[in-house]
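Please treat every number below as a calculation from the coordinates, not as lab data. The shown structure was predicted, so the numbers you read here are calculated from the model rather than taken from an experiment. So basically every Cβ, Gly included, is an ideal-geometry build from the backbone, and we count neighbours across all protein chains shown.
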Amino acid sequence: MEQSPEETRRAPLLSEAPPSPMHDAEEMEEIECGKVEAVCRCCGACQGGPQHDVAAANKCVTRLLAWIAMNLLVYAGQRAMVAAGLPSDGIDPTGRRATFILESVQMLILHACGTAIFAHVLAPERRLLTRWTANAGFFVVASVTGCVFSLLSDLTPLETSLSSRGGEGAAYIAVSCAVAFFVLLGLWFHVWYARRSSTKLGVMPYLAPRLAVVGAYAAYIIVLDVNNDAWELHHYLIAWIGTLFCAFDHPASVVCLAITTGIFVQGLAAYGPAEISDRRAEYVDWSPNGPG
């Protein structure tokens, strides 16, 4: 029995058949994996998705090691400045120099890892650690910033950190206001860029984890203050907190990251690791005859 031309025209061709549900699922899986590609390369977040090869998965670790190496290079330069007498109150303990440096490097590596996460240093699209020009520029800005801050720290108004003792002089208050102005200016830029940039990160996803870190330190200081314990938030720890907000590939954000990193490394190289509270020495005896 022959079909009419109209019926033949209405019959669906094999090439026009609708895709199977399995085909749709594969496409959706590929799209979802692409959305979190940077995460799954580091953490394997695409469960059930296509497996990335070992070389791609190790890119995240390679970038982290490169970032730590960059910080160590800046630290080496700042230690050379301390040996040359800059700043004048820099610590260079005779006989314990190796222990001092090892403790400082340990703190540097731990904080550098934190910065790498919050500042998105490990993101594949970041030009930092990818282009040698960006690396050279970052190293120069961070190193020069550390040297300049060492010179400025010898000035009396800048010798006081943020502490329970406070600062009573007019010069200290003026310097604190100037620093607060630039901090707020940098924060405003990054919030504006988080809302306007093509990354579509959004203001709240950008601010929430970083303000949580600030809140943790604030809570720590409040507890110390309520218990009438002395506390001191050193300038380089404040600078490290600032690095957490420099999360974008915009040149201004990269410069802010270099400046804050330079100040943090300078303080660590000159003064070593320091705790916010000094009460630890009162209830822990590290002497040879102490409790063992």
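The table below gives the values:
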| read-out | value |
| --- | --- |
| Sites Ala69 and Leu211, calculated FRET efficiency, Cβ-Cβ separation with R0 51 Å, nearest 0.05 | 0.95 |
| Net charge contributed by nearby residues that have their C-beta within less than 10 Å of Val254 (K/R +1, D/E -1) | +1 |
| Rough spin-label spacing in nm, given labels placed 7 Å along Cα→Cβ, for Trp188 and Glu275 | 3.9 |
| Cα-based shape type of region 54-279, given that a ≥ b ≥ c are square roots of the gyration tensor eigenvalues and the cut on a/c is 1.5 | oblate |
| Ser163 long-range amide H proximity, modeled H, under 5 Å | Leu233 |
